[in-house]
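The values are calculated or read from the model by the stated rules, or taken from the named source; none is laboratory data. Here the structure is a predicted model, which is why all the values come from computation and not from measurement. Positions of Cβ are backbone-derived with ideal geometry, glycine not excepted, and every protein chain shown enters the neighbour counts.
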């Protein structure tokens, strides 16, 4: 589904991504993990186009999207849930959701929105209220629901567990796993919480200072004590 | 050793301390970090204040001599233009300090000039007016007091809010002249009879130049003596502790506050200083143009002042002088171009504001540091890129 | 009492026009976080375009339409060409640029259309109407102004609240980056915001001009009043702009009526300073803390 080849991204003189290569197959969760500042968020931002790559390429279903403007990505089937969740607090819950399906028409969208409400009842009861009243976990649900409304083929998730209680984290991760198994969605998951991420992922990619230091089956990585101590802190 | 391009290496500045230059704030902030330890500091000067004062005083003296030569030799028309420049320089310089150094934008300095002008006009109206210097001091004090009030309000506002508030002041203050039409002369304003040259000045002038001192020429001298004096004071303030405080507040409020700097007081001080300078300018305007009236202080004036400091480079006193020159000499030049091109006189009169508006836009888009500021910035970056090489990397 | 009623009515009508202008400032501020000091001058320019058409024999309404369309276009062009480069970066740059726009348009209008005061026709009668035996100081022209502004506001509100485009505009204004990720063409939304502001500004300009006098500086005061009204309402809020405009219309009319017309701007300044120092977010601000 997604192929990243030798991607280089810079902030001024600093190389945030130094030749990163990875693959995200359909129907699988690929977790990108590593310490703070390893370049994980930059990776997602470069893939979706918020940051321009210095060199290297990004291919979505074989098509080169390295230079495609970020606004096009949703139409191409890529949804990116950014760091900090990206809830627009001044808009209502319903309006936030509706933004997910901007390019889809009609009754179809309404039905699916209802589906999201069914899945997240706490959002349902407060549809018309502005989103700033939501808790962290509810916001995460909102933005995932919103991302899915675009019917993406690839979902980029940036640190969904940030600031959430373990129970909520587990809820959300299982939700994602379930989705992937049911629909064949491809997920690129960036996480600080390596343990939880590796538990639901298929493949793990470890980043350190902008370089990939390990790519392996998620279970294998979780079992590699040396690696865990060196790069993941557990 | 690879040669570093000036843009990429903003290495430690060779000169020590932050006082060395009036770095312009807007458009890519290139804050030259004062890493004194990294470069061999130049020989430590004595009490810095004294030597700076001396240097600047000499500069002003030289400038005065230059101006005197000009005033004696040019035509009366040019002489009056030079006199006009004299009343712009203090205001523009003060505004440069306020906006460039301290980051507060003000559209109200035209109104502040008006305060100075009206006080001067009123005091000169009396039967036996006080000596002009006394009147000037009174005008400056009055304007400074207004500056305290406005500055106190302004210190809490930033950017567009400050601009809007001072714009309202500029548009609204002339209304007072209309409301108190009896004392303040209403639409037409107050006629001003300028002070005439004292006997000793006439004698000295005749002795040195052999020319008689006309009334207008005397005003040119008077204006420039005062303008240069204001420049002297300001240039010293800029290099002093206060200049550093103002820059600190402009560049990073939070850091400044953490360092114990009182934001409000620092800002008000900058405002009052610039207001006092505007008071000088206003007083000079009253005696040079022989009028203090609302038509002299429209919003266009405030915008012209802004143009002067933008072109000059926000924060450069030299730029302020250049900007003033541009205001005075470019306006009639541009108007004449219009007249020659066949425009009516009222149309040609608008070429100047049109060009100034375009200049404001173009300069902000292309060279946000202003003309002088851009040149200075290039000079500094080239200096900075040289110094690491000088120390062998 | 009669005077009070008349002043109040006139204040409300004037307030409607100030509200329309304040709305333009809010539109732009929400889109790009900039205050367009040149808005009044742009509106004045389009009013002159309308006047030129009327002088050539076209109907008032055609000229009216032309003013709105040219306002839309000019707004879009100004954003794209002049303001876009300074939208990020220090705010002082944007302030200076919009002031440049302000001065340039006024000077250009003076050159192209002349400096003299001209009268602009009114589409409706200019004599006060009588209700029974009482002569109210409201003219049909005044009612036209009020109705025009109300219609425009309703249309604007409908656009923003109930259309997909409106949603995108708001998303672009409140969460630029997220909006881009969701496929909103933020850059186009910014231009559209300015274009709509231009249209609204032209509406305000031509309503003020209708039945009154025009000269290149005639909108200068409006910029100040519109700004104060917008700040009073909290620059983020449409309703705030409406309330702010009405308050300002009333205050300026009362001051002009009971005290003196020359002190009107100073009264507005007093309001401005009070609001900025006491409640900087305005009366209706939606954002939590406003840094003024």
ask   = Taking the stated definitions as given, is residue C:126 more than 18 Å from the chain's Cα centre (by Cα), more than 14 Å from chain B (Cβ to nearest Cβ) and assigned to a loop (DSSP other than H, G, I, E, B)?
value = yes
ask   = Out of (1) touching a residue at least 60 places away in the same chain (Cβ under 8 Å); (2) in contact with a helix residue (DSSP H, G or I) (Cβ under 8 Å, 6 or more places away or on another chain); (3) more than 26 Å from residue C:34 (Cβ to Cβ), the odd one out for residue B:154 is which?
value = (3)
query = List, please: which pairs have Cβ atoms under 9 Å, are six or more places apart or on different chains, and start with a residue in segment A:129-158 that is at positive phi and end with one that is in a helix (DSSP H, G or I)?
reply = A:151/A:112
ask   = Which of (1) under 18 Å from residue B:292 (Cα atoms); (2) more than 14 Å from chain C (Cβ to nearest Cβ); (3) in contact (Cβ under 8 Å) with a residue 24 or more places away in the chain does residue B:147 not meet, given it meets every other one?
value = (1)
inquiry  = Looking only at residues that are facing chain C (nearest Cβ under 8 Å) and in a helix (DSSP H, G or I) in segment B:335-351, which one is modelled with the lowest pLDDT?
reply    = B:346
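Do we have residue B:87 as more than 14 Å from every other protein chain (Cβ to nearest Cβ), modelled with pLDDT of 85 or more, touching a strand residue (DSSP E or B) at 6+ places or on another chain (Cβ under 6 Å) and under 22 Å from residue B:289 (Cα atoms) here?
No.
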request  = For residue C:147, indicate whether it is more than 14 Å from every other protein chain (Cβ to nearest Cβ), without any contact (Cβ under 8 Å) to a residue 40 or more places away in the chain, under 22 Å from residue C:62 (Cα atoms) and within 18 Å of the chain's Cα centre (by Cα).
outcome  = yes
query = Can you tell me which residues in segment C:74-97 are at pLDDT below 90 and more than 12 Å from chain B (Cβ to nearest Cβ)?
reply = none
ask   = From the residues in segment C:108-123 that are touching a residue at least 12 places away in the same chain (Cβ under 8 Å) and assigned to a helix (DSSP H, G or I), which one is surrounded by the most Cβ atoms within 10 Å (Cβ to Cβ)?
value = C:109
ask   = Residue check, residue C:100 against (1) part of a helix (DSSP H, G or I); (2) more than 14 Å from chain B (Cβ to nearest Cβ); (3) buried (at least 21 other Cβ atoms within 10 Å of the Cβ), all met but one. Which one?
value = (2)
task = Kindly indicate the residue of segment A:130-158 that is in contact with a strand residue (DSSP E or B) (Cβ under 6 Å, 6 or more places away or on another chain) and within 20 Å of residue A:88 (Cα to Cα) and also surrounded by the most Cβ atoms within 10 Å (Cβ to Cβ) among those meeting that condition.
result = A:157
Residue within segment B:302-324 that is modelled with pLDDT of 85 or more, over 30 Å from residue B:232 (Cβ atoms) and either surrounded by 20 or more Cβ atoms within 10 Å (Cβ to Cβ) or facing chain C (nearest Cβ under 8 Å) (or both) present = no
request  = Check every one of the helices (runs of 4 or more DSSP H) wholly within segment C:183-286 and list those with 2 or more residues that are without any contact (Cβ under 8 Å) to a residue 40 or more places away in the chain.
outcome  = C:186-209, C:264-278
ask   = In the list C:195, C:204, C:137, C:179, which residue meets the criterion of being within 14 Å of chain A (Cβ to nearest Cβ), in contact with a helix residue (DSSP H, G or I) (Cβ under 6 Å, 6 or more places away or on another chain) and either within 25 Å of residue C:267 (Cβ to Cβ) or surrounded by 19 or more Cβ atoms within 10 Å (Cβ to Cβ) (or both)?
value = C:179
note = Filtering strands (runs of 3 or more DSSP E) wholly in segment A:9-87 for at least 1 residues that are touching a residue at least 40 places away in the same chain (Cβ under 8 Å), out of contact with any helix residue (DSSP H, G or I) (no Cβ under 8 Å at 6 or more places or on another chain) and surrounded by 15 or more Cβ atoms within 10 Å (Cβ to Cβ) gives A:14-24, A:29-33, A:55-60
